[in-house]
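The values are calculated or read from the model by the stated rules, or taken from the named source; none is laboratory data. From a predicted model like this one, the values you see are computed outputs, not experimental measurements. All Cβ positions, even for glycine, are placed from backbone atoms using ideal geometry, and neighbour counts span all protein chains on display.
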Amino acid sequence: MAATSASEPATAAEPTTGAPSPDGPRPAPVEDWLRQQVAEGRWSQPHDVLGPHPVDGGTSVRVVRHLASAVRIVRPDGDDVELTHEGDGLWAGATPGTLGRYRVEADYDLEDATDADDATWTTDDAYRFPPTIGELDLHLFGEGRDEQLWQHLGAHVRTVDGVDGVAFTVWAPRATAVRVIGDFEGWEGRTTAMRRLSDLGVWELFWPGALVGQRYKFQILTDSGWVERADPFARRTEVPPATASVITASDYTWSEGDAAWMEQRAQTTTHDRPMSVYEVHLGSWRPGLSYREAADQLIGHVQHLGFTHVEFLPLAEHPFGGSWGYQVTGYYSPTARFGTPDDLRYLIDRLHTAGIGVIMDWVPGHFPKDEWALAKFDGYALFEHPDPRRGEQLDWGTYVFDFGHPQVRNFLVANALYWLEEFHIDGLRVDAVASMLYLDYSRTEWLPNIHGGRENLEAISFLQETNATAYKRYPGIVMIAEESTSWPGVTQPTSAGGLGFGQKWNMGWMHDSLQYIERDPAYRSYHHDEITFSLVYAFSEQFTLPISHDEVVHGKGSLYGKMPGDEWQKLANLRAYLAFMWAHPGKQLLFMGQEFAQPSEWSEARGLDWWLLDDPGHLGVQDLVAELNKVYKDTPALWTHDSSPEGFEWIEGGDAPHSTLGFLRKDGDDRLAVFVNFSGVPVERRFGLPTAGTWHEVLNTDAAEYGGSGVGNLGAVTAEETPWAGRPASANLVVPPLGAVWLRLAD
């Protein structure tokens, strides 16, 4: 008999006293107050009362079955043990010898039962199993050093003593009691109390029969009563706005293409190879796509454009779509908006097989105040710093993690490793690093560090630990910082006192160059330093040049919209700017929609204006981006010395009157000469070059194929041995208005 019913029993058994046999063993005694606590699931050590326990002459067993009319222990040998109702839903009995394996069979007097099976519920006893988390795991978590913490906390499908079920584990140190509730027990909670395993505050329960796909939450008893929380370590969630966690287990098999990618990745670094990044908000790239559907459509687009990597805005679960993923509640859960965790694995697998790397934005600096998630998790500040002068980010209405707490720090470090390990992510772009580094970031009231300074020493240490651990465990990945200040050593190794990132977004270049390009060409000559100043510090860090989502929202307009002039001038300005960006030292990042000059600024609430590709001008910009990436990847001079001055040399940096730039990108004998004219008239004059000979025009942004007017050099120029501006050779060169040309010496 193993049927269940959703109907309520009409009556429950009256409490009785006495032992099943006057001559046999008796159940272990339980005081009334403790029986009541256990019956309500309010006791921190339910396994000490429930389940089997040795007594004189045999074994005592006790279970909770509210409203049952009869309860018995069913054994494989048929020697069943009838239990006696002690009151409050607790049933107890005893048997000579040991109990061995058994199940619990409970009868209910159901008003609508059609046969006996409908009124009987048979299950394994959750309270007969040992803890499913080991002492070593608890010790490592206590030290804040469990690098695979997600394998030990959360919900995990297990087989224990031949019984299939799910092991639930949660950290709630100040809870009085914890219960797990879910589809597997009717969301009632009184029969699913968890045990506290140590002073660390880890609670555990193995629940037989729980299944993949079932929902669950934790009920936590605080000083103010019971509260419900989603699992901080849940690896799957309901689709928002629903908030329950979901039991999951991966059966995904990675392809040979992914294996080849991972093997090759481990042999190099991003500094040794070209890297141009296409930034994507998956929900609005083409609305309605699942992870698997995106694999079919996104990959083809990225391959056509020639980007080496895709960077996704945060894919961890977040309740509010308008946050773009930057207010995370499920740090270990890929957002369910687009499918299951294995569906995301499929997308990444396909990208790797196509030769495309995957970066994901990661938000360890702050989290939202949703009461069902991390906020005041066990009734008090737990994941957040307890002092609001450090624990709240007022601008964003969020809490700030307590980076000095060993278990909170472990939660975050392990989370970074989780995405790299379980999803084969190739890198993480860490959001809002400046808000973590400075204690007075956007605050009028703040607490200084132990030295009286404004630096957040705990956050610094956390970032160093995360980066060092990630690079140690996963060779070839890249950790990228969005750091908007001049903090020194962001990309210096931790051994030298740096933060240990592999790349840093060059926010200074972004700000200055956009400020410059937004000016009318007639006035750019007065602000020439805005376009050249970035070369003063270009080699102080390992930089990425970001034209990200942040620059095309909140009234800033799109990249196309920032350009002055009429439509032709806007498109020409944009093409010249992109060519300057791709030739500038550093890696490149371009947000979706900018590759075809979308006029409207981005909104997460709608898709991109793909219809613009029917317009030759917008299609021309996309074709230019594809050609920029092709030439970039084929030209080591553009990517081998991004952070070294030996890879860059000015030809003409001071021609402010003509708003013209000229420089070399170098890698040994491989040289690319770059000339950019940000004025509205052609520039035709002699420029110095390092070598005489034929220099082919490998790229001209004013070419007709990109929507330009065709002003150029007929495909090549001849440099003569005529010294010019300190160069041994020179050539007469035409640089089109609002245009750029790239030249390479013929073999």
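Determine whether the stretch 131-148 contains at least one residue that is under 18 Å from Gly51 (Cα atoms), more than 25 Å from the chain's Cα centre (by Cα) and either surrounded by fewer than 21 Cβ atoms within 10 Å (Cβ to Cβ) or free of Cβ contacts under 8 Å to residues at least 24 places away in the same chain (or both).
Residues of the stretch 131-148 under 18 Å from Gly51 (Cα atoms): 131-132.
Okay, now just the ones that are also more than 25 Å from the chain's Cα centre (by Cα), so 131-132.
The next check asks that each one be either surrounded by fewer than 21 Cβ atoms within 10 Å (Cβ to Cβ) or free of Cβ contacts under 8 Å to residues at least 24 places away in the same chain (or both); those that pass are 131-132.
Within the stretch 131-148, one or more residues are under 18 Å from Gly51 (Cα atoms), more than 25 Å from the chain's Cα centre (by Cα) and either surrounded by fewer than 21 Cβ atoms within 10 Å (Cβ to Cβ) or free of Cβ contacts under 8 Å to residues at least 24 places away in the same chain (or both).
Among what's in the stretch 679-708 and is touching a helix residue (DSSP H, G or I) at 6+ places or on another chain (Cβ under 9 Å) and without any contact (Cβ under 8 Å) to a residue 40 or more places away in the chain, pick the residue that is nearest to Arg575 (Cα to Cα).
Taking the stretch 679-708 and keeping what is touching a helix residue (DSSP H, G or I) at 6+ places or on another chain (Cβ under 9 Å), we get 679-681, 683, 685, 698-708.
Next cut, without any contact (Cβ under 8 Å) to a residue 40 or more places away in the chain only: 703-704.
Numbers: Ala703: 10, Ala704: 12 Å.
Filtering the stretch 679-708 for residues that are touching a helix residue (DSSP H, G or I) at 6+ places or on another chain (Cβ under 9 Å) and without any contact (Cβ under 8 Å) to a residue 40 or more places away in the chain, the one nearest to Arg575 (Cα to Cα) comes out as Ala703.
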### Query
Residues of the stretch 364-375 being surrounded by fewer than 18 Cβ atoms within 10 Å (Cβ to Cβ) and free of Cβ contacts under 8 Å to residues at least 40 places away in the same chain, which ones?
Lys369
### Query
Which of the residues spanning the stretch 64-85 are out of contact with any strand residue (DSSP E or B) (no Cβ under 9 Å at 6 or more places or on another chain) and either assigned by TED's automatic domain parsing to the domain that holds Thr191 or in a strand (DSSP E or B) (or both)?
none
### Message
Among the residues in the stretch 180-192, are any over 29 Å from Trp121 (Cα atoms) and among the hydrophobic types (A, V, I, L, M, F, W, C)?
### Response
no
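May I ask you to verify whether Glu279 is closer than 20 Å to Phe377 by Cβ, in contact (Cβ under 8 Å) with a residue 40 or more places away in the chain and surrounded by 15 or more Cβ atoms within 10 Å (Cβ to Cβ)? Steps first, answer last, please.
Values: closer than 20 Å to Phe377 by Cβ: no; in contact (Cβ under 8 Å) with a residue 40 or more places away in the chain: yes; surrounded by 15 or more Cβ atoms within 10 Å (Cβ to Cβ): yes.
Answer is no for this residue.
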#### Entry: Where Glu684 falls short, out of the listed (1) in contact with a His (Cβ under 8 Å, 6 or more places away or on another chain); (2) surrounded by fewer than 19 Cβ atoms within 10 Å (Cβ to Cβ)
(1)
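Restricting the search to the stretch 282-314, which residues are assigned to a loop (DSSP other than H, G, I, E, B) and surrounded by fewer than 16 Cβ atoms within 10 Å (Cβ to Cβ)?
Filtering the stretch 282-314 down to residues assigned to a loop (DSSP other than H, G, I, E, B) leaves 286-290, 306-308, 313-314.
Scanning the stretch 282-314 gives Pro287, Gly288.
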### Query
Right, Val631: closer than 30 Å to Leu298 by Cα, in contact with a strand residue (DSSP E or B) (Cβ under 6 Å, 6 or more places away or on another chain), of a type outside the set (Phe, Trp, Tyr) and surrounded by 15 or more Cβ atoms within 10 Å (Cβ to Cβ) or not?
yes
### Query
When you go through (1) of a type in the set (D, E, K, R); (2) at negative phi; (3) not assigned by TED's automatic domain parsing to the domain that holds Arg190 one by one for Asp88, which number turns out not to apply?
(2)
### Message
Give me the strands (runs of 3 or more DSSP E) completely within the stretch 159-208, filtered to those with at least 2 residues that are touching a Pro at 6+ places or on another chain (Cβ under 9 Å), ordered by residue number.
### Response
163-171, 202-208
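Here is a check on your reading of the model: is Gly58 over 50 Å from the mean Cα position of the chain (by Cα), over 30 Å from Thr176 (Cβ atoms) and without any contact (Cβ under 8 Å) to a residue 24 or more places away in the chain?
Values: over 50 Å from the mean Cα position of the chain (by Cα): yes; over 30 Å from Thr176 (Cβ atoms): yes; without any contact (Cβ under 8 Å) to a residue 24 or more places away in the chain: no.
Here the answer is no, as Gly58 does not meet what is asked.
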## Note on the structure
The residue from Gly654, Gly662 that alone is touching a residue at least 12 places away in the same chain (Cβ under 8 Å), in contact with an Asp or Glu (Cβ under 6 Å, 6 or more places away or on another chain) and under 24 Å from Val717 (Cα atoms) is Gly662
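Okay, residues lined up against (1) small (Gly, Ala, Ser); (2) surrounded by fewer than 20 Cβ atoms within 10 Å (Cβ to Cβ):
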{"residue": "Trp362", "(1), (2)": "no, no"}
{"residue": "Pro388", "(1), (2)": "no, yes"}
{"residue": "Phe403", "(1), (2)": "no, no"}
{"residue": "Gly427", "(1), (2)": "yes, no"}
### Message
For the stretch 32-63, which positions are part of a loop (DSSP other than H, G, I, E, B), modelled with pLDDT of 95 or more and of a type in the set (Asp, Glu)?
### Response
Glu40
### Condition broken by Trp261, with the remaining ones in (1) under 20 Å from the mean Cα position of the chain (by Cα); (2) under 30 Å from Thr491 (Cα atoms); (3) assigned to a helix (DSSP H, G or I) satisfied
(1)
### Message
Residues to consider are Thr253, Thr268, Thr248; find the one that is assigned to a loop (DSSP other than H, G, I, E, B) and either touching a Phe, Trp or Tyr at 6+ places or on another chain (Cβ under 7 Å) or over 30 Å from Val166 (Cβ atoms) (or both).
### Response
Thr268
### Search result, residues across the stretch 625-640 that are touching an Asp or Glu at 6+ places or on another chain (Cβ under 6 Å) and free of Cβ contacts under 8 Å to residues at least 60 places away in the same chain
Pro636, Ala637
### Task
Sort out which residues of the stretch 564-574 are buried (at least 22 other Cβ atoms within 10 Å of the Cβ) and among the polar types (S, T, N, Q), and write them in order of number.
Asn573
### Message
Condition first: out of contact with any Leu (no Cβ under 6 Å at 6 or more places or on another chain), over 18 Å from Gly100 (Cα atoms) and among the small types (Gly, Ala, Ser). Now tell me which residues in the stretch 25-64 satisfy that.
### Response
Gly41, Ser44
### Task
Quick one: Asn415 ticks every box in (1) under 19 Å from Leu439 (Cα atoms); (2) in contact (Cβ under 8 Å) with a residue 60 or more places away in the chain except a single one, so which number is it?
(1)
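Among the residues in the stretch 164-173, are any farther than 26 Å from Ala375 by Cα and either touching a residue at least 24 places away in the same chain (Cβ under 8 Å) or outside the structural domain of Glu422 (by TED's automatic domain parsing) (or both)? Let's see the steps before the verdict.
Taking the stretch 164-173 and keeping what is farther than 26 Å from Ala375 by Cα, we get 164-165.
Cutting the leftovers down to either touching a residue at least 24 places away in the same chain (Cβ under 8 Å) or outside the structural domain of Glu422 (by TED's automatic domain parsing) (or both) gives us 164-165.
So far as the stretch 164-173 goes, yes, one or more of its residues are farther than 26 Å from Ala375 by Cα and either touching a residue at least 24 places away in the same chain (Cβ under 8 Å) or outside the structural domain of Glu422 (by TED's automatic domain parsing) (or both).
Looking at this structure, is Thr329 hydroxyl-bearing (Ser, Thr, Tyr), under 19 Å from Gln393 (Cα atoms) and crowded, with 21+ Cβ neighbours inside 10 Å? Please lay out each step first, then the result.
On the way: hydroxyl-bearing (Ser, Thr, Tyr): yes; under 19 Å from Gln393 (Cα atoms): yes; crowded, with 21+ Cβ neighbours inside 10 Å: yes.
Yes: the conditions hold for Thr329.
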